[in-house]
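For reference, the structure discussed in these notes is given below.
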Amino acid sequence: MIIAIDGPAASGKGTLGKRLAAYYGFRHLDSGLLYRAVAKAVLDAGKPIDDRAAAIAAAKLLDPAHLDENALKSDDIGKAASVVAPIPEVRAALVTFQRTFAASKPGAVIDGRDIGTVIAPNAEVKIFVTATPQERARRRVLELKGRGDPVDPAAVLADIVKRDERDTNRAEAPLKAASDAHLLDTTHLDIDAAVRAAIDIVEATRAGRGRG
Ligand code: C5P
């Protein structure tokens, strides 16, 4: 079984994906890490982030099986990832790994922007996670404060809005809900409630009760 979770930056889809995968005993892939790793490789090579050739070369050389999540999770790398992600050759270089992962037995949970639309359009369960930009910024600020990082709440919100805009308006694999995705608005849900709602969606689909 494939569970595809898509949604905008800081919507909580990563945590949701991890928790769903643990619940069902499935493998979990945070596909954002792939684009983040490409961006980091470009920057580590001393190239500007808008160097297309460097981004394409980095994507082709990437070993997706060995990513250092801790080194990739900063907001700066997230922003840089959204600059390399629209490049078709970058996306193409990352497709096979994601599709192979999606076919993992007994199942896989993959989260990202285009999982239900491009990577796994046949996924049995598709969930599109949303929350208002203000709520997503609020959660991100709490997370950064928890890590002891300096925080400028207005800048966090501005970054989220900018990243949404880039991800939604690009030509290649834009952020959008698949027509058969279940919408899960977590604005007023804590993570436990969001996980329960997602499990209900999976169970309803498994029971053949249809979507909705
Ligand atoms: O989900 P995360 O914030 O880690 O993603 C970082 C960036 O990578 C996103 O803003 C987006 O531009 C890109 N991305 C993508 N397709 C995916 C996952 C992430 O384009 N499936």
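Numbers below:
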| read-out | value |
| --- | --- |
| Three-way shape call for the chain based on the alpha-carbon gyration tensor, with the a/c threshold at 1.5 | oblate |
| Gain on full stretching of the segment that runs from ALA154 to GLU172 - 0.36 nm per residue minus C-alpha separation | 3.6 nm |
| Extension gain, ARG196 back to LYS60 (0.36 nm per residue minus Cα-Cα distance, nm) | 45.2 nm |
| THR132/LYS18 FRET efficiency (R0 22 Å; Cβ-Cβ; nearest 0.05) | 0.45 |
| Estimated distance in nm for a label pair at LEU183 and ASN70, the labels positioned 7 Å out from Cα along Cα-to-Cβ | 4.0 nm |
| Mean residue ellipticity (222 nm) of the chain, computed from DSSP H runs ≥ 4 via -39,500 (n - 2.57), nearest 500 | -16500 deg cm²/dmol |
| Under 29 Å from the Cα of LYS162 - lysines, other chains or at least 8 residues apart | LYS13, LYS18, LYS40, LYS47, LYS60, LYS73, LYS79, LYS126, LYS145, LYS176 |
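No lab work stands behind these numbers, since they all come straight from the coordinates. Keep in mind it's a predicted model, so treat the numbers as computed, not measured. Neighbour counts are summed over all protein chains in view; Cβ atoms, including those assigned to glycine, are modelled from backbone coordinates with ideal geometry.
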